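Student: Structure provided below as C-alpha cells; questions to follow.
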C-alpha cells in the first residue's frame, strides 16, 4: 500500500512562495536573491505544520543553491569598503543560508518522537543540511570581512549534537565535515586572507578538513588546542590566547590538518599535480600554495600576542593607493622645492600600536581597494614621511565601520623604477618603492613591487632625485615577504 503525503496546508504567504518557487529561475541569480530572502522569511513566520516544513525547506534549498552558485563568485574580488550593492548581496546570501539552517533546527527541536521518526528527510540529513548552510553563511561573511552571523556557533553545535543523537556514524561524519570546515577556517586567522584566498581555503577544507580532530574534553597539552563555548557568541579561541572556561563543550586540534597541508605542499613542490592530490586546481599557483602554507602555520601553532600594545586615540592619514603614493614621492624627489602634489588620503584613528604595527579605524575620507595583503602609506602629519605598511587583517561589520591591522615595513621609502635585464625584449620601467634596511624584516635594502612584477635576476635600478638620474646595476636576492598583492625582496648593487 502506497502512503500518500498529506497536501501542504497553504497560508497566503506560503501560496505566494510556492507560486514563485514553481516559476523558472531568473537568468541572473542576483535577480532571485531578494524574492528568495523575502519568501523564505515570510514562510518561516507563518504557521506551517511541522511535518510539512522540511518539504517546503527543500524547495527553498534547491533555489538557494542555484542563487548562491551564481552570485557568490561576485564576492571573490571584493575589496573594502564594500560597495553598497555588493554588501546587500552578501547580506542577502548570509540571511538565506542562516534562515534555512534555523528552519532545519526549528523542525528538529519542535518535533515530537513520533514526528521525528516520520520526518522525510530523516533528522540526521536535516542536521547535515543545516550545517552545510551555516558553513556557506560563514564563508560568505569571511569573503567580505564581516562578523559571523548571530548565533552561528551555538546553532552549529546544536545541530551537531542532534546529528549525534539521531544518526549513525556515516551521516554524523557528513554533518561534522561542514562543522570542521567552519572551525578550520576560524583557526586559520581568516581576517588575514584576501577573498580569493578564503575561497581557496574553503575548497581545500571541503575535501581535506576531516583531518581536524574534535573532542569533548580538554587535552593535556594546550599548545595547539582550540575551544568553543556554546553559551556565548564567541568564535573559536586558541587555548594559548585564553584558557577554556568550564562551559566549553567542544575542543578541537588542527595539528593533523596542518601536517596534511604540509605534506600536500611538499608533494606539489616535487611535481605532483593538484588533481593527483585531490586539491583545487588553484593549488598549481604559487600564490595559493603560499596561502595554504600560512594557514597550516596557524593551524599548527596558534598565534598569541608576545608584546604589549598601547592604546591610543590620535589621528593619522592613510593612502590606500600605492601607485598614487609612488607618484607623489617621485615628484617630490624630482623637485623638492615644489609643493606637495594632491594625494588621495583618508583620516583614520589609531586604536592601539605595538613595536610592529598598528590597529586603526576609518574616520573620514574616501578610501577603496583594501584587502588583506595590500600595501598602504601611513603618516601622522603632512610634514612627516610616509610609513609603508602591509594590511595584515581587515574587519568591516557594517558599511560605516572599517578596521585594519597594519604591519610596519619601513619608516620611509623612495620612489624608484626598475628595468628587468635579460628578458629577451625591450623591458618597461616598472615603479617600485625602495625601502631602507629594516632589522626586523631584512638585512639590506629592499624593493616593494606588485606581486610577480619582477622576476629573479639582474635589473637596473633608476633613482631620480633633485633632477639627477642615477642608474645602478643590481641583482635580486631572496624575497622577505610576499602577499597576494605585493612582494618585498632584497637586492644587491653590483660594483662598478
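Student: If a residue counts only when it is in contact with a helix residue (DSSP H, G or I) (Cβ under 7 Å, 6 or more places away or on another chain), which strands (runs of 3 or more DSSP E) contained entirely in the range 436-496 have at least 1 such residues?
Tutor: It comes to 458-465, 468-482.
Student: Go through the range 120-147 and give me each residue that's in a loop (DSSP other than H, G, I, E, B) and either free of Cβ contacts under 8 Å to residues at least 12 places away in the same chain or surrounded by fewer than 22 Cβ atoms within 10 Å (Cβ to Cβ) (or both).
Tutor: Passing the criteria: 120, 121, 122, 146, 147.
Student: Here's a follow-up. Examine the range 312-326 for a residue that is over 23 Å from residue 83 (Cβ atoms), in contact with a helix residue (DSSP H, G or I) (Cβ under 6 Å, 6 or more places away or on another chain) and modelled with pLDDT under 95, and state whether such a residue exists.
Tutor: Within the range 312-326 (the criterion being over 23 Å from residue 83 (Cβ atoms), in contact with a helix residue (DSSP H, G or I) (Cβ under 6 Å, 6 or more places away or on another chain) and modelled with pLDDT under 95), the answer is no, since none of the residues qualifies.
Student: Also, I was wondering about something else. Of the residues 281, 285, which single one is touching a helix residue (DSSP H, G or I) at 6+ places or on another chain (Cβ under 7 Å) and loosely packed, with under 14 Cβ neighbours inside 10 Å?
Tutor: Exactly one residue qualifies, and that residue is 281.
Student: Considering (1) under 23 Å from residue 122 (Cβ atoms); (2) at pLDDT 95 or above; (3) more than 30 Å from the chain's Cα centre (by Cα), say which one residue 19 fails and leave the rest.
Tutor: All conditions are met except number (1).
Student: Would you tally the residues in the range 203-236 being at pLDDT 90 or above and either more than 20 Å from residue 161 (Cα to Cα) or out of contact with any strand residue (DSSP E or B) (no Cβ under 7 Å at 6 or more places or on another chain) (or both)?
Tutor: The total comes to 10.
Student: What are the pairs, 6+ residues apart or on separate chains, where a residue within the range 202-215 that is over 9 Å from residue 178 (Cα atoms) has its Cβ under 6 Å from a residue that is assigned to a strand (DSSP E or B)?
Tutor: From residues that are over 9 Å from residue 178 (Cα atoms), the pairs are 212/252; 213/253; 214/252; 215/251.
Student: Limited to the range 413-452, what total is found for residues that are modelled with pLDDT of 80 or more and either outside the structural domain of residue 475 (by TED's automatic domain parsing) or more than 11 Å from residue 488 (Cα to Cα) (or both)?
Tutor: Looking only at that region, the number is 16.
Student: So, one more: Restricting to the range 25-66, give me the number of residues that are buried (at least 17 other Cβ atoms within 10 Å of the Cβ), modelled with pLDDT of 95 or more and in a loop (DSSP other than H, G, I, E, B).
Tutor: The number of residues fulfilling the criteria is 0.
Student: Of all strands (runs of 3 or more DSSP E) completely enclosed by the range 375-430, which ones contain at least 2 residues that are in contact (Cβ under 8 Å) with a residue 12 or more places away in the chain, under 32 Å from the mean Cα position of the chain (by Cα) and farther than 16 Å from residue 322 by Cα?
Tutor: Answer list for the range 375-430: 387-398, 401-410.
Student: Could you check the range 447-487 and list, in sequence order, the residues that are more than 21 Å from residue 428 (Cβ to Cβ) and surrounded by 15 or more Cβ atoms within 10 Å (Cβ to Cβ)?
Tutor: Once the filter is applied, which keeps residues that are more than 21 Å from residue 428 (Cβ to Cβ) and surrounded by 15 or more Cβ atoms within 10 Å (Cβ to Cβ), the range 447-487 yields 465, 477, 480, 481, 482, 483, 484.
Student: Among the residues of the range 153-174, count how many are at pLDDT below 90 and assigned to a helix (DSSP H, G or I).
Tutor: Qualifying residue count for the region: 9.
Student: Looking at residue 374, is it modelled with pLDDT of 90 or more and out of contact with any strand residue (DSSP E or B) (no Cβ under 6 Å at 6 or more places or on another chain)?
Tutor: Taking the combined requirement at face value, the residue does not satisfy it.
Student: Would you confirm whether or not the range 242-253 contains a residue that is out of contact with any strand residue (DSSP E or B) (no Cβ under 6 Å at 6 or more places or on another chain) and closer than 19 Å to residue 185 by Cβ?
Tutor: The answer is no, given that none of the residues of the range 242-253 is out of contact with any strand residue (DSSP E or B) (no Cβ under 6 Å at 6 or more places or on another chain) and closer than 19 Å to residue 185 by Cβ.
The values are calculated or read from the model by the stated rules, or taken from the named source; none is laboratory data. Worth saying up front: this structure is predicted, and the values here are computed from it rather than measured. Note that we place each Cβ from the backbone using ideal geometry, even for glycine, and neighbour counts take in every protein chain shown.
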